[in-house]
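The values are calculated or read from the model by the stated rules, or taken from the named source; none is laboratory data. Everything numeric in this text was worked out from a predicted model, so none of it was measured. Here the Cβ is made from the backbone with ideal geometry for all residues, glycine too, and neighbour counts use every protein chain on show. Just so you know, the surface numbers come from the protein's heavy atoms only, side chains and all, with ligands and any DNA or RNA stripped out. Shrake-Rupley method; radii C 1.70, N 1.55, O 1.52, S 1.80 Å.
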Amino acid sequence: MGKGKKGGSGPSVRRALRLPVGERPDLAAIDPAGTPVGPSGKAAGVAATAALGERLGALQERLYAASTGGDRRRVLLVLQGMDTSGKGGTVKHVIGQFNPSGCRIKAFKAPTPQELAHPFLWRVMKALPGPGEIGIFDRSHYEDVLIARVRTLVPRGQLRRRYGQIRRFEEALAEDGVSIVKVFLHIGYEEQRRRLLERLDNPDKHWKFNPGDIDERLLWPAYQEAYELALERCSSEEAPWYLVPADRKWYRNWAISSLLLEHLEELDPRYPAGDFDVAECRERLLAT
């Protein structure tokens, strides 16, 4: 990852967190507790994230308003990461800053029999955000090249074809006005154990624990390899990957908030002009 200026939410956030297109990252060499750009302490990070909320909300409103005037642009946030990496936490703490009526959140679980009867991207296309919306995928089409690879759910030849299908799918989305923000939440092996133990030790969190998570943890090296391949083979200029260190929850929240802010600022949506006579309507209203 590149190095950028500290502080603020300028272009340095995207530069610092964006993975090089077409290169395979060495996840073991990237610190999951790092703070490559932005606030370096929790108190400053929490305050900085809170300060972004008003700007994010205003830009979301403008994006939604622009769609009523025919603007087809929208944003899709794709969240991928190992268990406990913070996908749900991101939805709660980052997406919670937006107006929920303008968001479309989809948590992808194991495919249903109906979904399995269709091409793997079928269920994804049904969940895409509409014009003016911000879509959030908690897991996504990448499960079909991650767990499918680790668990050998499909032949390797079919798996290789899926990488190309994903790239073409995302390029088509970008051409249709979708700003794709793909985030890999990079959590450390020891931190994952700590978070799983927290769930076991707190009865109020038992609902979040799945014994199968331990089985998946035993496959950590295979999943790291699967992620490295997906990050390499499914990146493009239109839809690059951003790696967010996820051991520090406050940093995760700040980084993703900043990434979304930069993409929305780049879109710079505008309120559509009214198609009515303002003066006449004002006069009529005052007469009532």
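Taking region 94-124 on its own, how many of its residues are in contact (Cβ under 8 Å) with a residue 24 or more places away in the chain, more than 30 Å from Trp254 (Cα to Cα) and assigned to a helix (DSSP H, G or I)?
Result for region 94-124: 0.
If the requirement is being in contact (Cβ under 8 Å) with a residue 12 or more places away in the chain, over 21 Å from Trp241 (Cα atoms) and surrounded by 20 or more Cβ atoms within 10 Å (Cβ to Cβ), which of these qualifies: Gly81, Gly86, Gly69, Gly132?
Gly132
I'm checking my understanding of the structure. Among residues of region 216-237 that are under 19 Å from the mean Cα position of the chain (by Cα) and in a loop (DSSP other than H, G, I, E, B), which one is nearest to Val145 (Cα to Cα)?
Cys234
Can you pull out every residue in region 1-36 that is modelled with pLDDT of 95 or more, out of contact with any Pro (no Cβ under 9 Å at 6 or more places or on another chain), buried (at least 19 other Cβ atoms within 10 Å of the Cβ) and part of a loop (DSSP other than H, G, I, E, B)?
Pro25 - this is the single residue of region 1-36 that is modelled with pLDDT of 95 or more, out of contact with any Pro (no Cβ under 9 Å at 6 or more places or on another chain), buried (at least 19 other Cβ atoms within 10 Å of the Cβ) and part of a loop (DSSP other than H, G, I, E, B).
Restricting attention to region 135-156, which residues are touching a strand residue (DSSP E or B) at 6+ places or on another chain (Cβ under 9 Å), open to solvent by less than 10 Å² (accessible area, probe 1.4 Å) and assigned to a helix (DSSP H, G or I)?
Scanning region 135-156 gives a single hit, Leu146.
All but one of (1) among the aliphatic types (A, V, I, L, M); (2) in contact (Cβ under 8 Å) with a residue 60 or more places away in the chain; (3) open to solvent by 20 Å² or more (accessible area, probe 1.4 Å) hold for Ile180; which doesn't?
Just one mismatch for Ile180, condition (3).
Applying the selection to region 37-64, what residues are in a helix (DSSP H, G or I), open to solvent by 20 Å² or more (accessible area, probe 1.4 Å) and in contact (Cβ under 8 Å) with a residue 12 or more places away in the chain?
Lys42, Val46, Ala48, Arg55, Gly57, Glu61, Arg62, Tyr64
Quick check, is Ile95 crowded, with 19+ Cβ neighbours inside 10 Å, over 29 Å from Pro221 (Cβ atoms) and of a type in the set (A, V, I, L, M)?
Taking the combined requirement at face value, the residue satisfies it.
Consider Ala110 against the criteria (1) modelled with pLDDT of 95 or more; (2) of a type outside the set (Asp, Glu); (3) loosely packed, with under 14 Cβ neighbours inside 10 Å: it satisfies all of them except one. Which criterion is unmet?
Ala110 satisfies every listed condition except (1).
Among (1) more than 19 Å from Lys92 (Cβ to Cβ); (2) touching a strand residue (DSSP E or B) at 6+ places or on another chain (Cβ under 7 Å), where does Leu185 come up short?
Here Leu185 clears every test but (1).
Report yes if some residue within region 195-203 is open to solvent by 90 Å² or more (accessible area, probe 1.4 Å) and either at pLDDT 95 or above or aliphatic (A, V, I, L, M) (or both); otherwise report no.
Yes; the residues of region 195-203 include at least one that is open to solvent by 90 Å² or more (accessible area, probe 1.4 Å) and either at pLDDT 95 or above or aliphatic (A, V, I, L, M) (or both).
Report the residue count in region 244-285 for those that are in contact with a Gly (Cβ under 7 Å, 6 or more places away or on another chain) and open to solvent by 70 Å² or more (accessible area, probe 1.4 Å).
Qualifying residue count for the region: 1.
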